[in-house]
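Read through the structure below, which is laid out as structure tokens, and then see the notes.
The values are calculated or read from the model by the stated rules, or taken from the named source; none is laboratory data. Please read these numbers as outputs of a predicted model, since none were measured by experiment. Here the Cβ is made from the backbone with ideal geometry for all residues, glycine too, and neighbour counts use every protein chain on show. Heads up: the accessible areas ignore ligands, DNA and RNA and are worked out on the full protein's heavy atoms, side chains in. Shrake-Rupley method; radii C 1.70, N 1.55, O 1.52, S 1.80 Å.
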Amino acid sequence: MTKAMTPPERMMAVMMGQEKPDRVPVVPFIQGYAANIMGMPPGEFWSDGDNYFDANFASMRLHGYEQTPLFGYAACGPWEFGGKVGMPDGSGELAPYVIESPVKTLEDIETLKVPTFDGPLPGGFAIADRNAERCVEMGMPAGFQAGSIFSAAAQVADTNAFLTWVITEPDAVRMLMDKVSDMFINALEYFANKFGAQQCMPFQAGPLEANGMISPDTFRDLVYPYNLKVNQKIKELGIGAVLMHPCADQNLNIPYYVQMREACDWHGRYIWIFGPETSIPDQMKAFGDHDIICGNVDPIAILEKPYAEVVQLCKDAIDEGKDNPGGFILTPGCEFPADAAPIKVMAMMDAAEQFGRYE
């Protein structure tokens, strides 16, 4: 029987791929939930790197899962390019949200300045930087946002106008995507230079890339080239671990994610967290020989279903993915619901303990 491991040892075993962990690791994709555990107002949680780290670290200690604090939010982009965001106050918004996008017209794209990282850090990257400092001090990776370019560009610009420009002004969209990808490349270089490439774990998401928003042909033409650009920089810098979260239904985009990994020679270890719309066998078929795939339990089910049913859903995911050649982690298919009861995290942990053991 595999010896008992600590959470860091368990994650290291999966990330290195050279030995089996004692059990399946659990990464609940927790952010806003951690603020509730601390009794911390969400605005204080999201606007301060120390608060963000302290709340996430407290949640880690309470539940014993393998996730480390990783700062990122869906509205990344507008603040960093000089627009305005609001911090959640508990009345509806759960994370920073866009108040004013810096790009309102096509002319604004031409004059838009790419954020630099050689002075005060732009927008949320200052918060991510402080959280990363606290993580690295304790031997954990520096997690920060490095995509996804299309979703960020669609908020740097007025979103309705941007989605119209995708059809009517594709050259302008490419110009904006270039500038947004350059911002993320600047971030990658900053964090790699500060903490060392092997201490970094960039995070990429992509809610607006979903097939319900754009066609796979649009993904191929307007998303793939910039995803490749950023991930080639990750390879060039020698960063070895990347967390990828293609949000919602992206089944028709999978061939382009595979193509990106092939173009990068499958460099490093990618952790794939697809939405619950993408089956675990499909993830394994696409990435399993090289990368870590995740059991993507439906966050709505985690929130709404009772403990026993959540345990069963986690067991089903473990049974499907536990023996993936590249490694397996139990996660939700998106962020853990901020308002979920603590017993729902317990359900994930109990499922891993009961059904995720390796011999």
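Points worth noting:
- Largest first, the residues R130, R261 sort by 1.4 Å accessible area into R130, R261.
- The order of M87, M12 by accessible area, most exposed first and with a 1.4 Å probe, is M12, M87.
- Remark: for residue pairs K233/K285; K104/K235; K20/K315, the C-alpha separation exceeds 22 Å in K233/K285; K104/K235.
- Excluding ligands, DNA and RNA, the accessible surface per residue across the range 277-355 is 41 Å² with a 1.4 Å probe.
- For K305, the aspartates and glutamates whose Cα falls under 17 Å of its own Cα, not counting residues fewer than eight places away in the same chain, are D316, E335, D339, D350.
- Where N is the number of residues in the chain, Cα Rg divided by 2.2 N^0.38 Å: 0.94
- Nearest-10 value in Å² for the accessible area of K194, using the 1.4 Å probe: 80 Å²
- Look at where the Cα atoms of the range 163-208 and of the range 284-341 average out, and the two centres are 27 Å apart.
- Accessible area ranking (1.4 Å probe, heavy atoms, ligands and nucleic acids excluded), largest first, for R220, R10: R220, R10.
- Rounded to the nearest 10 Å², the accessible area of T168 at probe 1.4 Å: 80 Å²
- Residue-level accessible surface for K84, protein heavy atoms, 1.4 Å, Å²: 120 Å²
- Surface accessible to a 1.4 Å probe, per residue, for the residues of the range 133-204, Å²: 36 Å²
- On the range 7-355, 53 percent of the accessible area sits on carbon and sulfur atoms, based on a 1.4 Å probe.
- For the chain, the longest principal axis of the C-alpha atoms and the axis of helix 125-137 are separated by about 30°.
- Cα centroid separation, the range 107-141 to the range 13-81 (Å): 18 Å
- Helical runs (DSSP H, four residues minimum) scored at -39500 (n - 2.57) apiece and divided by the length of the chain put the mean residue ellipticity at 222 nm at -14000 deg cm²/dmol.
- Gyration tensor over alpha-carbon atoms, the range 156-216, equivalent ellipsoid semi-axes in Å: 29, 14, 8
- The C-alpha atoms of the chain define a longest principal axis, and helix 170-195 lies at about 50 degrees to it.
- For N231, the shell of other residues with beta-carbons less than 15 Å away shows a net charge of -2, using +1 for Lys and Arg and -1 for Asp and Glu.
- Nearest 10 degrees, 0 to 90: helix 49-63 Cα axis against the chain principal axis: 20 degrees
- Per residue value of the accessible surface for the range 1-40 (all protein chains in place, 1.4 Å probe), Å²: 47 Å²
- Net charge contributed by nearby residues that have their C-beta within less than 13 Å of N211 (K/R +1, D/E -1): -3
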